[in-house]
1. Given the condition touching a helix residue (DSSP H, G or I) at 6+ places or on another chain (Cβ under 7 Å), open to solvent by less than 40 Å² (accessible area, probe 1.4 Å) and free of Cβ contacts under 8 Å to residues at least 60 places away in the same chain, answer yes or no: does some residue in the range 576-595 qualify?
2. Those residues that are in a helix (DSSP H, G or I) and open to solvent by 60 Å² or more (accessible area, probe 1.4 Å), I need them from the range 63-111; list them, please.
3. Restricting attention to the range 338-355, and to residues there that are open to solvent by 30 Å² or more (accessible area, probe 1.4 Å) and modelled with pLDDT of 90 or more, which single residue is farthest from Leu426 (Cα to Cα)?
4. Output the residues belonging to the range 229-249 that are part of a helix (DSSP H, G or I) and farther than 17 Å from Pro75 by Cα.
5. Using the structure shown, decide if Cys418 is surrounded by 14 or more Cβ atoms within 10 Å (Cβ to Cβ), farther than 30 Å from Arg541 by Cα and out of contact with any Pro (no Cβ under 7 Å at 6 or more places or on another chain).
6. Would you check if Leu650 is within 31 Å of the chain's Cα centre (by Cα) and in contact (Cβ under 8 Å) with a residue 12 or more places away in the chain?
7. Quick check on my filter: what residues within the range 624-654 are hydroxyl-bearing (Ser, Thr, Tyr) and either modelled with pLDDT of 95 or more or surrounded by 14 or more Cβ atoms within 10 Å (Cβ to Cβ) (or both)?
8. Taking the conditions exactly as written (more than 17 Å from Val372 (Cβ to Cβ), touching a residue at least 12 places away in the same chain (Cβ under 8 Å), open to solvent by 70 Å² or more (accessible area, probe 1.4 Å) and out of contact with any Gly (no Cβ under 8 Å at 6 or more places or on another chain)), does Leu472 satisfy them or not?
Amino acid sequence: MSTEVDVVVPTPAHSTLGGVLSYRSELPLAPGTLVRVPLGRREVCGVVWEAPADRGGAVEAAQLKPVGEPLAGLPPLSSTWRELVTFAAGYYRRSLGEVALAALPPQLRELDATQLARRLKRSAAATVPGSEAQRPQLTAEQSQALAAIAAEPGPFLLFGATGSGKTEVYLHAVEELLRRDPEAQALVLVPEINLTPQLQARFEERFGTGAVVPLHSGMTNPQRLRSWIAAHAGSARIVLGTRMAVFASLPRLGLIVVDEEHDPSYKQQEGARYSARDLAVYRGRLEGAKVILGSATPSLESWQACERGRYRCLRMPTRVGAGALPRVRLVNMQHQPKGALFSPPLLAAIGERVARGEQSLVFLNRRGYAPVLACGACDWRSECRHCSAFRVFHKIDRTLRCHHCGFTERVPRACPQCGNVDIAPLGRGTERLEEQLAELLADVRRPDGEPVRIARMDADTTRLKGALEEQLAQVHAGEVDVLVGTQMVTKGHDFRRITLVAAVNPDASLFSSDFRAPERLFSLLMQAAGRGGRDAAQAERSEMWVQTWNPEHPLFAALKRHDYPAFAGQQLKERQQAAMPPFAYQALVRAEARTQEVAQEFLRAAAEGTTGLPGSDHVVVFSPVPMTVQRVANVERAQLLLESGSRPALQAFLAAWQPVLQSQRVRGLIRWAVDVDPLAI
């Protein structure tokens with residue numbers, strides 16, 4: 001006898017097709033079962049779901065399309081996993097099927113039952129047990145933090161200085177979880193792929209290779225499927241991944257760790273624009289799992305949550321080995337030679353480190369050789385013909401490359417506009433920094449009499465598979481004297497030999513129109529400083545140099561004292577006075593079209609449809625404006641900001657507004673999307 005089953009299938013947010021569709025099945029199928037179902041002319045992967053409460057009248061089963069074969073061999077996805085997906089789809093205004101299916105490995109969505117059975121046979125991995133080597137002696141602060149985690153429900157904000165041993169707390173917390181329940185599972189989130197290798201190595205050393213699986217977008221599809229199956233089947237005890245791993249199927253989840261919880265990388269910027277950090281806290285509540293958010297510079301949202309008693313703040317202000325934090329030295333660039341990229345005192349300090357056999361880290365958050373190539377005889381600039389942005393000059397391969405759409409051309413021999421052969425780079429990127437440092441330090445010698453060794457680490461030098469691991473190994477082995485890089489080198493890395501860190505040009509963020517820019521800059525500088533002096537024996541002589549044209553800025557005063565609480569208090573006070581998050585709640589509607597007029601016309605029409613909607617009395621709807629980078633890949637972009645003092649009012653408003661947005665028919669519109677709790681406006 002056939003019965004009606006409800007299945008979620010991948011449908012985009014703009015589609016009026018519901019996320020839950022009804023099918024006919026000859027077999028009883030439990031919610032959470034993966035099945036193949038027909039959708040139009042295609043057959044797609046779907047997830048059996050609970051019947052929606054607002055469904056209309058019953059349909060004769062004979063009139064429904066039949067379900068294809070279920071993916072036998074996989075246990076159904078748990079009810080708490082389905083609750084997490086339902087919440088994420090509702091809160092971030094995406095379709096249920098889009099979120100649910102995007103959370104599954106791409107290869108799993110393509111397999112039929114026979115192919116899956118073959119994969120399951122091959123997925124068993126050999127397990128190498130962890131090392132029984134003696135554990136590091138815990139500090140008093142680490143022991144106090146672990147005692148609180150064991151005794152209280154959380155969520156916890158582990159506010160620990162760089163080098164205070166937060167990772168060891170994570171390892172012990174997982175160890176304690178598995179001691180109490182050997183079948184339990186832990187989820188450890190990191191903000192970026194490049195942080196997974198070293199953390200994975202530490203977890204595997206402690207718990208064994210088979211117990212730890214990575215999960216991130218840098219893996220191949222077969223690798224992701226293998227890790228996902230190990231987590232879903234319960235054979236993997238620990239899943240270590242980036243933001244996508246927050247949706248991993250973990251039937252015995254008992255602990256969630258979000259390392260560097262302040263990092264903007266936890267916010268997805270396309271598709272379902274979710275915050276993995278916020279979903280981790282929500283998932284912990286759903287699963288009854290403890291949640292640890294770790295950072296030396298917590299987000300202001302998490303800091304405020306501690307002040308209001310929603311999170312428990314665990315402080316670890318002291319470095320392991322009682323080493324001092326690097327002394328911060330500000331260099332007033334107004335008193336340095338005109339046009340100097342590196343001040344003479346900074347160059348001398350780097351030279352001293354090289355001569356002593358120590359390492360230095362120099363960072364600038366801009367890759368390439370120069371952000372613009374320009375002609376001095378006319379007004380030509382290296383603009384991208386497809387974007388409202390400049391193409392970046394990459395000297396190493398003599399190209400002009402757009403970092404937005406990827407459009408690349410060889411550098412012209414002469415100005416395309418006037419024929420002048422004297423076209424020159426404007427500004428500086430990491431490539432130029434590396435070149436100029438090599439020239440300026442040409443006479444400096446290492447203790448063995450050899451010349452200085454300079455390496456650059458950014459998205460360009462780590463593009464090839466294995467390049468990142470190779471470069472990190474060289475730094476750890478002491479084969480690099482000066483490391484030049486973007487912000488990717490300032491996060492989470494445990495460089496033991498670095499005693500000098502230099503920020504070359506951080507001033508742009510001091511006067512940005514983005515109200516979050518000071519928070520991000522302070523976090524970046526504090527994290528960068530934390531790469532220095534991590535070996536307690538060298539901590540006393542470690543320094544953080546900051547070249548600035550505004551040494552009197554209050555941000556630098558807090559940085560010199562390593563005083564995050566003072567900085568956070570001042571920022572929260574300013575945010576409250578301006579009614580900015582976290583004291584207000586925001587959402588953006590972004591529209592993309594062939595012309596700016598069409599994009600704004602869609603947003604204006606949508607705004608006109610907000611009158612009388614639930615919550616509209618508590619929501620401010622601003623006028624549509626072009627985005628900062630207005631055109632990308634020949635697509636014009638505009639945005640409309642919504643703001644409210646009440647999160648429930650904003651959510652009710654967005655839910656009622658969704659049908660209005662879906663009903664808009666504007667010729668030339670390409671796509672639109674809602675971004676709840678946006679990080680960039």
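1. no
2. Listed by number, the residues that qualify are Gln63, Ser79, Glu83, Thr86, Phe87, Ala102, Arg109, Glu110.
3. Ala355
4. Arg243, Met244, Ala245, Val246, listed by residue number.
5. Considered against the rule, which asks whether it is surrounded by 14 or more Cβ atoms within 10 Å (Cβ to Cβ), farther than 30 Å from Arg541 by Cα and out of contact with any Pro (no Cβ under 7 Å at 6 or more places or on another chain), Cys418 comes out as no.
6. Yes; evaluated as a whole, the condition is true for this residue.
7. The answer is Ser644, Ser646.
8. No.
The values are calculated or read from the model by the stated rules, or taken from the named source; none is laboratory data. Predicted, not measured: the structure shown is a model, and the values here were computed from it. Here Cβ is always computed from backbone atoms with ideal geometry, including for glycine, and neighbour counts include all displayed protein chains. Only protein heavy atoms, including side chains, enter the accessible area calculation; ligands, DNA and RNA are left aside. Shrake-Rupley method; radii C 1.70, N 1.55, O 1.52, S 1.80 Å.
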